[in-house]
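Novice: Sharing a structure here in structure tokens format.
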Amino acid sequence: WVVESCCSVGERVGVGARTCFKSHVVVDEYTTIGEDCVVYPFVSLGIDSQDQKHIKDSVSYTRIGDRNTLREFVSVHSGTEADSATEIGNDCVLLTQAHVGHNCRVGNHVVMSHSVALAGHCVVGDYANIGGLAAVHQFCQIGSVAMVAGMARVVQDVLPYTMAGGFPAQMRVVNKIGLERAGLSEQKIKDMRKAFRILFFRDLRLEEAVAEVREEIGDSDEINVMLDAIASSQRGLARPD
């Protein structure tokens, strides 16, 4: 791995082959970063959590996978509680000034645009795309293949395969282009769009809508992912008006 000028790398840091730290990168202890990553100037990784519950000198971790690009002034903070971790998967792109707060879990192939801010304990699924200046409330989940518009204020969960935007953010439609790029068939995309309409545009309680989706569409991996996200939601859903 390559470390250019004026970088600070703490003790007990693991760095994979061919990863490059540009100038003025700070990597704190108990941080690991995988192979083939490019870390641009003024990035800080593994710095102590900003959570007021953080106990000074407790050991927590930051784990970043392979082939990630972290642009200028990105910050990724370590976990709050002792032995907890903040995690980023593989093949992600975090643009300038993006922030990943304590105990977040960011999946693979995620794009976080300029100045996106994830508060603590957020979960971002694989292939999610978050537009510039969007802010995500703590404990929110953004599902796989979801897209969040720039400058959105995300205070509730965005389901997998959907598009959300606004202040506060609301899910608008199914992410048809993202689903096509993920290789889903035309029929599966139609099923996803139908499921979305049943969940949010029929005069049903959510439990009734979920049951109706299962009855009308049947078993589908993608539908099951969406319904599992509903069942596991802590913040509630960013429902459309």
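The values are calculated or read from the model by the stated rules, or taken from the named source; none is laboratory data. On a predicted model such as this, the values are computed, not experimentally measured, just so you know. Glycine also receives a Cβ, built like all others from the backbone with ideal geometry; neighbour counts cover every protein chain displayed. Side chains are part of the model used for accessible areas, which takes the heavy atoms of the whole protein and leaves out ligands, DNA and RNA. Shrake-Rupley method; radii C 1.70, N 1.55, O 1.52, S 1.80 Å.
Novice: Checking the conditions here, which among 83, 91 is of a type in the set (D, E, K, R), assigned to a loop (DSSP other than H, G, I, E, B) and either touching a Gly at 6+ places or on another chain (Cβ under 8 Å) or open to solvent by less than 50 Å² (accessible area, probe 1.4 Å) (or both)?
Specialist: When all the criteria are applied, what remains is 91.
Novice: Shifting gears a bit: Do we have any residue at all in the range 52-75 that's in contact with a Lys or Arg (Cβ under 9 Å, 6 or more places away or on another chain), open to solvent by less than 20 Å² (accessible area, probe 1.4 Å) and without any contact (Cβ under 8 Å) to a residue 60 or more places away in the chain?
Specialist: No - not one qualifying residue is present in the range 52-75.
Novice: Quick one: residue 200 ticks every box in (1) modelled with pLDDT of 95 or more; (2) within 17 Å of residue 127 (Cα to Cα); (3) assigned to a helix (DSSP H, G or I) bar one, so which box is it?
Specialist: (2)
Novice: Among the residues of the range 182-196, is any of a type in the set (Phe, Trp, Tyr), open to solvent by 30 Å² or more (accessible area, probe 1.4 Å) and within 17 Å of residue 236 (Cα to Cα)?
Specialist: Scanning the range 182-196 turns up no residue that is of a type in the set (Phe, Trp, Tyr), open to solvent by 30 Å² or more (accessible area, probe 1.4 Å) and within 17 Å of residue 236 (Cα to Cα).
Novice: For the subset of the range 127-146 comprising residues that are out of contact with any Asp or Glu (no Cβ under 9 Å at 6 or more places or on another chain) and closer than 16 Å to residue 108 by Cβ, which member is most open to solvent (accessible area, probe 1.4 Å)?
Specialist: Filtering the range 127-146 for residues that are out of contact with any Asp or Glu (no Cβ under 9 Å at 6 or more places or on another chain) and closer than 16 Å to residue 108 by Cβ, the one most open to solvent (accessible area, probe 1.4 Å) comes out as 127.
Novice: Could I ask something else about it? For the range 106-140, give me each residue that is out of contact with any Ser or Thr (no Cβ under 7 Å at 6 or more places or on another chain) and in a strand (DSSP E or B).
Specialist: Passing the criteria: 106, 111, 112, 117, 118, 123, 124, 129, 135, 136.
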